[in-house]
Amino acid sequence: MSELKVILATPHPKMKNACDGAIEVYLKSEADKVIADLEESHKKEVEQLLMEIAKLKADYREACGRLQTANLIKDEQKAKADKLLSCLKYLVMGDLIKDCPPKKVAKEIVKEYDNGLG
């Protein structure tokens, strides 16, 4: 409370444990003003922190939304890939593809898929 002026006062004689000399006191009106200023300053700091928290929450929600969208796209792509591999497996296992280099690649893909890599 360095903003306050110190006033020297003589304690009342009826005060218990009274000092021998003068004591330092602050005027109540000045102390109340300093307290009010500090409360206002802290109120502004709290409001600023709450605004920052709200922004962080909004950023977090936006990031979660993007992640969910990415996961949906990934799930859709995996479903399409599974369907394509299933069709490829059907063609390879049914020997419906004539012998050619792509058939060898198709058999390798099906084999990897069956081994859990797909």
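Just so it is clear, none of the values below were taken in a lab; they were calculated from the coordinates. Treat the numbers as computed from the prediction; the structure is a model and nothing was measured. All Cβ positions, even for glycine, are placed from backbone atoms using ideal geometry, and neighbour counts span all protein chains on display.
Each residue of region 68-74 is assigned a 3J(HN,Hα), and the resulting list reads 4, 4, 4, 5, 5, 4, 4 Hz, derived from the Karplus form 6.51 cos²θ - 1.76 cosθ + 1.60 (θ = phi - 60°), x at Gly and Pro. Taking amide H positions as modeled 1.01 Å from N, with prolines and chain starts lacking one, no residue 5 or more places away or on another chain lies under 5 Å from residue 97. Annotation for residue 51 and residue 77: the two label points, set 7 Å from Cα along the Cα-Cβ direction, are 4.0 nm apart. For region 88-94, backbone phi angles converted through the Karplus equation (6.51, -1.76, 1.60; θ = phi - 60°) give residue-by-residue couplings of 4, 4, 4, 5, 6, 5, x Hz, Gly and Pro being listed as x.
Comparing 8, 91, 71 along the charge dipole axis of region 7-114, the residue lying farthest to the positive side is 91, per the Cβ-charge model.
Multiplying the residue separation of residue 108 and residue 63 by 0.36 nm and removing their Cα-Cα distance gives an extension gain of 12.4 nm. Computed over the Cα atoms of the chain, pair by distinct pair, the Kirkwood hydrodynamic radius stands at 22.6 angstrom.
With charges only on Cβ, +1 for K and R and -1 for D and E, what is the dipole size of region 7-114 about its Cα centre, in debye, rounded to 20? Write out the running numbers ahead of the final one.
On the way: 20 positive and 20 negative charges, 182 e Å.
Roughly 880 debye, rounded to the nearest 20.
Principal-axis analysis of the Cα atoms of the chain puts helix 101-114 at an angle of about 50° to the longest axis. Projecting label points 7 angstrom from Cα along Cα→Cβ for residue 9 and residue 31 puts them 0.8 nm apart.
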